[in-house]
Amino acid sequence: MTVLTSALDPNDPEYRANREAMLVKLAELDAEHAKAVEGGGEKYVARHRGRGKLLARERIELLLDPDTPFLELSPLAAWGSEYTVGASLVTGIGVVEGVECLITANDPTVRGGASNPWSLRKALRANDIALANRLPCISLVESGGADLPSQKEIFIPGGAIFRDLTRLSAAGVPTVAVVFGNSTAGGAYIPGMSDHVIMVKERAKVFLGGPPLVKMATGEESDDDSLGGAEMHARVSGLADHFAVDEQDALRQARRVVARLNHRKAHTDPGPAEPPKYDTEELLGIVPGDLKSPFDPREVIARIVDASDFDEFKPLYGTSLTTGWAALHGYPVGILANARGVLFSEESQKAAQFIQLANQRDIPLLFLHNTTGYMVGREYEQGGIIKHGAMMINAVSNSKVPHLSVLLGASYGAGHYGMCGRAYDPRFLFAWPSAKSAVMGPQQLAGVLSIVARQSAAAKGQPYDEEADAALRAMVEQQIESESLPMFLSGRLYDDGVIDPRDTRTALGLCLSAIHTARYEGARGGFGVFRM
Ligand code: COA
């Protein structure tokens, strides 16, 4: 029998304490998500509605097939910055006429939908997802273009938005722009570079320069409609392929465009799968509030994979890392999960072998993070921990099967890299509210700084101020702690979202389905030189 057993006891005080701690974090997360949904706030939402317009999320809802899920991505973008949470852009994956699409929608209630540096990162991330997974891209456009005060951060790198649209098109990934309002200056290249364009009557404004700019440039007197209205573009310039009488009509026409794309998935849908044998609700009580206490990731695996069925690979070797095979919503996956925080040489070699096996068999990999990094100390350095860790990082870097990462607990140091952190291009990366990620733990980092400062003072023959040291340590610890938290990291687009643990199976299932739109093949060779 390969069905996992569980030692979790919902009546255990430890379980209850873990659950309580997680519920507190989830409540905080809900409050931040609510800010993204609020957009520009009551005043701007009321003004937008008063103009007879739909909100960004309402447009998405009407675009999608009824009763199908929308996997919103990076809803906390810009968190902790001077910009509104959500970064005036909604992005995500949803189903339109049976086709999984990558959808982006400007939020015109936030500074006229203008793009700030975080909106740009979010839009570029959405384009990467569309390209890697061959998802048709639908842009619901209404934006004041570049956020003018921060133009220096976005004007030059922002060109990539338009480059991506045409590269998607060149790769055979369809692009559709639906223009609901302003789409001027650089923004005009969103419809300009898209395969299919729909514009809303009397609402769409698509021109390189508005009337004041034209007057300044050439002295010509003009108006919005003759420069860039939907009617003009549909009848005269030919930029609009479809003329919509209102927003609902535009969304209906967008659905018809997608219905006729003939966009086929590379892999067939595996059909219904058996749910896990254990209650997903119990995922709330596994990770301890204090990440120093270990937890068994098999308890997580048992609650996310089909039928809780898991064939463990090398269970007796390198036991700080659990590896094994399972299926998730019918898709085969190889799972690497940190069992105790530290990665030793054995774990690293086991991981490298497991990743090669998954590549030989074309099986996607799922990384479940709870690591404090690779083991340090004389014995381990002499045992070759660097070359063994490098072997694991080599395998992760050159692996060609799709990767998914979920930060459950700690994700520190090079352990974050070996477990396919953001820089290693997982197709999707999510964090639980319990996650923490940084170069090392806050106490360790503050302690290292203090030792270095003490040695520096001693080298100069200066006395060491113990009081100042204690204050500095406390300050650094607090700073690193706050910068390690998932909302902060999500704000910087280092993940695709912070998710409720109970949604893990659903989110990963949606991702795996999206991933299987594109063909993929594991690396049969092509790894770098493995140091043995
Ligand atoms: N950069 C920074 N802030 C912007 C902005 C931009 N590109 N566009 C709009 N905003 C701000 C406005 O200053 C306003 O702020 P406030 O409410 O604090 O005064 C808020 O967003 C809403 O703008 P408003 O003009 O009241 O909204 P609107 O819905 O009536 O009009 C636009 C929206 C986009 C048509 C209009 O704001 C506009 O033309 N903006 C400039 C467009 C432009 O030239 N962009 C440069 C392109 S590269």
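The values are calculated or read from the model by the stated rules, or taken from the named source; none is laboratory data. Predicted model only: the values in this text are computed from it and were never measured. With ideal geometry, Cβ positions are generated from the backbone for all residues, glycine too; neighbour counts draw on all protein chains shown. The area values use the complete protein model at the heavy-atom level, side chains included, leaving out ligands, DNA and RNA. Shrake-Rupley method; radii C 1.70, N 1.55, O 1.52, S 1.80 Å.
Scan region 488-532 residue by residue and report those that are hydroxyl-bearing (Ser, Thr, Tyr) and part of a loop (DSSP other than H, G, I, E, B).
Listed by number, the residues that qualify are Tyr494, Thr517, Tyr520.
Which residue out of Ser437, Ser456 is in a helix (DSSP H, G or I) and either surrounded by 21 or more Cβ atoms within 10 Å (Cβ to Cβ) or among the hydroxyl-bearing types (Ser, Thr, Tyr) (or both)?
Result: Ser456 is the single residue among Ser437, Ser456 that is in a helix (DSSP H, G or I) and either surrounded by 21 or more Cβ atoms within 10 Å (Cβ to Cβ) or among the hydroxyl-bearing types (Ser, Thr, Tyr) (or both).
For region 227-236, indicate whether the set of residues that are away from the ligand (no atom under 16 Å from the Cβ), assigned by TED's automatic domain parsing to the domain that holds His48 and closer than 22 Å to Leu63 by Cα is non-empty.
The answer is yes, given that some residue of region 227-236 is away from the ligand (no atom under 16 Å from the Cβ), assigned by TED's automatic domain parsing to the domain that holds His48 and closer than 22 Å to Leu63 by Cα.
Are any residues in region 40-83 β-branched (Val, Ile, Thr) and in a helix (DSSP H, G or I), and if so, which ones?
Result: Val45, Ile60.
Between residues in region 11-29 that are without any contact (Cβ under 8 Å) to a residue 24 or more places away in the chain and residues that are surrounded by fewer than 14 Cβ atoms within 10 Å (Cβ to Cβ), which pairs lie under 8 Å by C-beta distance while being six or more apart or on different chains?
Listed by first residue and then by second, the contacts come to nothing, as the list is empty.
Restricting attention to region 19-41, which residues are under 21 Å from the mean Cα position of the chain (by Cα) and within 16 Å of the ligand (Cβ to nearest atom)?
Glu38, Gly39
Which one is farthest from the chain's Cα centre (by Cα), of the residues in region 385-412 that are open to solvent by less than 20 Å² (accessible area, probe 1.4 Å) and among the small types (Gly, Ala, Ser)?
Top of the filtered list is Gly389.
Every residue in region 426-472 that is free of Cβ contacts under 8 Å to residues at least 24 places away in the same chain and of a type in the set (Val, Ile, Thr), please.
Residues satisfying the conditions are Val448, Ile451, Val452.
Quick one: in region 81-112, which of the residues that are more than 16 Å from the ligand (Cβ to nearest atom) and under 15 Å from Val178 (Cα atoms) is most open to solvent (accessible area, probe 1.4 Å)?
Thr104
Quick grid of which residues meet (1) in contact with a Phe, Trp or Tyr (Cβ under 6 Å, 6 or more places away or on another chain); (2) open to solvent by 10 Å² or more (accessible area, probe 1.4 Å):
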residue	(1), (2)
Ala302	yes, no
Val305	no, no
Ala327	no, yes
Gly330	no, yes
Ser348	no, no
Ala351	no, no
Pro364	no, no
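Per-residue answers, yes or no, for (1) at pLDDT 95 or above; (2) aliphatic (A, V, I, L, M):
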site: Arg422; (1), (2): yes, no
site: Asp425; (1), (2): yes, no
site: Leu429; (1), (2): yes, yes
site: Ala435; (1), (2): yes, yes
site: Ala446; (1), (2): no, yes
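May I ask you to verify whether Gly186 is more than 24 Å from the chain's Cα centre (by Cα) and open to solvent by less than 40 Å² (accessible area, probe 1.4 Å)?
Yes.
State all residues of region 492-529 that are open to solvent by less than 30 Å² (accessible area, probe 1.4 Å), of a type in the set (Asp, Glu) and out of contact with any helix residue (DSSP H, G or I) (no Cβ under 8 Å at 6 or more places or on another chain); if no residue qualifies, say none.
none
What helices (runs of 4 or more DSSP H) lie completely within region 113-221 and have 2 or more residues being in contact (Cβ under 8 Å) with a residue 40 or more places away in the chain and within 13 Å of the ligand (Cβ to nearest atom)?
Because the criterion is at least 2 residues that are in contact (Cβ under 8 Å) with a residue 40 or more places away in the chain and within 13 Å of the ligand (Cβ to nearest atom), the helices (runs of 4 or more DSSP H) in region 113-221 that meet it are 117-133.
Only one residue in Gly94, Gly86 is under 16 Å from the mean Cα position of the chain (by Cα) and part of a strand (DSSP E or B). Which one?
When all the criteria are applied, what remains is Gly94.
When you check Tyr417 against the structure, is it assigned to a loop (DSSP other than H, G, I, E, B), assigned by TED's automatic domain parsing to the domain that holds Pro402, in contact (Cβ under 8 Å) with a residue 12 or more places away in the chain and surrounded by fewer than 21 Cβ atoms within 10 Å (Cβ to Cβ), yes or no?
It is false that Tyr417 is assigned to a loop (DSSP other than H, G, I, E, B), assigned by TED's automatic domain parsing to the domain that holds Pro402, in contact (Cβ under 8 Å) with a residue 12 or more places away in the chain and surrounded by fewer than 21 Cβ atoms within 10 Å (Cβ to Cβ).
In region 42-80, what count of residues is obtained for those that are within 15 Å of the ligand (Cβ to nearest atom) and either open to solvent by less than 50 Å² (accessible area, probe 1.4 Å) or not hydroxyl-bearing (Ser, Thr, Tyr) (or both)?
15
How about region 1-39: which of its residues are assigned to a loop (DSSP other than H, G, I, E, B), surrounded by 12 or more Cβ atoms within 10 Å (Cβ to Cβ) and of a type in the set (A, V, I, L, M)?
Leu4, Leu8
Going by what's in this entry, would Arg235 be described as more than 35 Å from the chain's Cα centre (by Cα) and open to solvent by 30 Å² or more (accessible area, probe 1.4 Å)?
yes
Would you check if Ala250 is farther than 18 Å from Asp107 by Cα and away from the ligand (no atom under 16 Å from the Cβ)?
Here the answer is no, as Ala250 does not meet what is asked.
Please determine whether any residue of region 243-264 is of a type in the set (Asp, Glu), modelled with pLDDT of 95 or more, under 24 Å from Leu512 (Cα atoms) and open to solvent by 50 Å² or more (accessible area, probe 1.4 Å).
Within region 243-264, not a single residue is of a type in the set (Asp, Glu), modelled with pLDDT of 95 or more, under 24 Å from Leu512 (Cα atoms) and open to solvent by 50 Å² or more (accessible area, probe 1.4 Å).
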